[in-house]
Amino acid sequence: MVWRSDMISQMVMLGLLIFSVLSWWIILKKIITFQRVARESHFFIDAFRKSSKLSEVQALCPQLKYSPLPGIFLSGYKELNAQIKVTSQRQKTVEFESEGGPRYAVQSMLGLQRALQRAAVAELSILEHSLSWLATTASVTPFVGLLGTVMGIIHAFSGLGMEKATTIQAVAPGISAALVATAAGLFAAIPAVIFYNHFVGKIKIFSAEMDDFSMEFLNLIERNFT
């Protein structure tokens with residue numbers, strides 16, 4: 001039926017095929033990636049809570065490439081070290097002894113919070129990468145398929161006008177071939193809508209985990225460095 005359709009309809013079908021293939025590639029990639037994100041995030045949280053030194057957690061971060069939590073931790077850890085170094089070089093250094101040795105007071109908890117927020121936004125952008133293609137596929141492909149159907153019906157009726165006798169057998173093949181474009185558009189759009197909403201829900205969960213970890217990190221710093 002596609003072969004019997006006009007060139008415009010065939011180009012529409014080719015475009016829908018490209019949309020569908022790329023969408024399924026993104027869907028499969030995101031499924032695998034989000035599974036790894038969930039697994040590594042759980043592992044990182046356990047390691048962070050069990051560790052007695054921030055340096056031990058820092059050494060673990062390069063091994064976790066998918067979870068957003070190590071990136072947030074490294075940003076906060078970097079800001080913490082920068083504040084401690086600046087503080088230790090000034091006359092008004094707040095330094096006191098503890099069981100584990102000297103500790104330094106951070107200059108600004110607000111600055112540390114901003115560093116964590118910037119890192120969270122960057123990590124969230126990475127998680128949302130390629131989702132715009134699924135949203136575009138979900139919203140555009142039904143209309144593209146409808147365009148192919150309309151053009152196919154126009155082509156079918158224009159050819160029918162040249163015939164002397166008008167019968168349903170003469171027009172049915174062209175219309176059926178034109179309707180394939182609408183079906184193809186829905187075939188590309190429906191999975192994109194389902195998995196886009198699924199991934200958005202997953203990202204909301206990951207975002208909540210990032211917020212919880214940021215609060216936990218700030219509480220830890222406030223207890224030990226202020």
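Listing for the model above:
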item	result
Residues of segment 217-226 classified as among the charged types (D, E, K, R) and either free of Cβ contacts under 8 Å to residues at least 12 places away in the same chain or not in a helix (DSSP H, G or I) (or both), total	1
Filtered residue count, segment 196-215, keeping only those that are within 17 Å of residue 50 (Cα to Cα) and touching a residue at least 24 places away in the same chain (Cβ under 8 Å)	2
Residues of segment 90-126 satisfying the condition of being of a type in the set (S, T, N, Q) and at pLDDT 55 or above	107, 108, 113, 117, 125
Whichever residue in segment 115-135 is of a type outside the set (Gly, Ala, Ser) and free of Cβ contacts under 8 Å to residues at least 40 places away in the same chain and, among such residues, is nearest to residue 207 (Cα to Cα)	121
Residue among 185, 201 that alone is in a helix (DSSP H, G or I), out of contact with any strand residue (DSSP E or B) (no Cβ under 7 Å at 6 or more places or on another chain), modelled with pLDDT under 95 and not charged (D, E, K, R)	185
Those residues of segment 12-48 which are more than 20 Å from residue 198 (Cβ to Cβ), touching a residue at least 40 places away in the same chain (Cβ under 8 Å) and surrounded by fewer than 15 Cβ atoms within 10 Å (Cβ to Cβ), in sequence order	17
Failed condition for residue 169, given (1) modelled with pLDDT under 90; (2) within 25 Å of the chain's Cα centre (by Cα)	(2)
Residues of segment 28-65 satisfying the condition of being within 26 Å of the chain's Cα centre (by Cα) and farther than 22 Å from residue 128 by Cβ	43, 46, 47, 48, 57, 58, 60, 62, 63
Residue in segment 51-63 that is of a type outside the set (Phe, Trp, Tyr), at pLDDT below 85 and in contact with a Ser or Thr (Cβ under 8 Å, 6 or more places away or on another chain) present	no
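The values are calculated or read from the model by the stated rules, or taken from the named source; none is laboratory data. Just so you know, these numbers come straight off a predicted model, no measurement behind them. We place every Cβ from the backbone using ideal geometry, glycine too, and count neighbours over all the protein chains shown.
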